[in-house]
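What follows is one structure encoded as structure tokens, with my remarks underneath.
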Amino acid sequence: MKAVITVIGHDTVGVVAKVSAVCAELNINIEDVTQSILQEMFCMIMLVDLSKANVAPDAIRTRFEALGKEMKMQVTLTRQEVFDAMHKI
């Protein structure tokens, strides 16, 4: 199953490393990533593959929500088909 991880918040050192570390911890493969900084706001979108994850999707979502609180940023996990449906006109 493919999913999209989005990260939004004030730019700080180590954001990409922390998100990548959680992906490695949960055996989630990062397939693509884009990031930018817009007026001190960090924005990142990652396309990931959850097919070999070592925990259930709900646990993955909970782990990324906890990471977001830790970093004081918004970190969300959305299945790719849901993400695609939300962004079609």
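Taking Cα centre as origin and charging only the Cβ of basic (Lys, Arg, +1) and acidic (Asp, Glu, -1) residues, the dipole magnitude of the stretch 31-83 rounds to 200 debye. Give me the net charge of GLY9's neighbourhood, meaning all other residues with Cβ under 14 Å from the Cβ of GLY9; Lys, Arg count +1, Asp, Glu -1. So the environment of GLY9 carries a net charge of -1. Summarising the amide proton neighbourhood of LYS2: residues at separation of 5 or more, or on other chains, whose placed amide H is nearer than 5 Å comprise LEU50, GLN80.
Per residue, the accessible area of the chain comes to 63 Å², computed with a 1.4 Å probe over protein heavy atoms only.
Once the convex hull of all Cα atoms in the stretch 8-62 is built, its volume per residue stands at 74 Å³.
Dipole orientation for the chain: of the candidates VAL16, GLN35, ALA59, ALA59 has the Cα lying most toward the positive pole (charges on Cβ; Lys, Arg +1; Asp, Glu -1).
Surface composition of the chain: carbon and sulfur make up 56 percent of the accessible area, probe 1.4 Å. Dipole magnitude for the chain: about 160 debye, using +1 per Lys or Arg Cβ and -1 per Asp or Glu Cβ, origin at the Cα centre.
Across the stretch 26-36, coupling constants 3J(HN,Hα) worked out from phi with the 6.51/-1.76/1.60 Karplus curve, θ = phi - 60°, read 9, 6, 9, 8, 8, 9, 7, 8, 9, 8, 7 Hz, and Gly and Pro carry x.
The values are calculated or read from the model by the stated rules, or taken from the named source; none is laboratory data. In this text the structure is predicted, and so the values were computed from the model without any measurement. A quick note on method: Cβ atoms are made from the backbone with ideal geometry, for glycine too, and the neighbour counts reach across all protein chains shown. Just the protein is used for accessible areas: all its heavy atoms, side chains included, with ligands, DNA and RNA removed. Shrake-Rupley method; radii C 1.70, N 1.55, O 1.52, S 1.80 Å.
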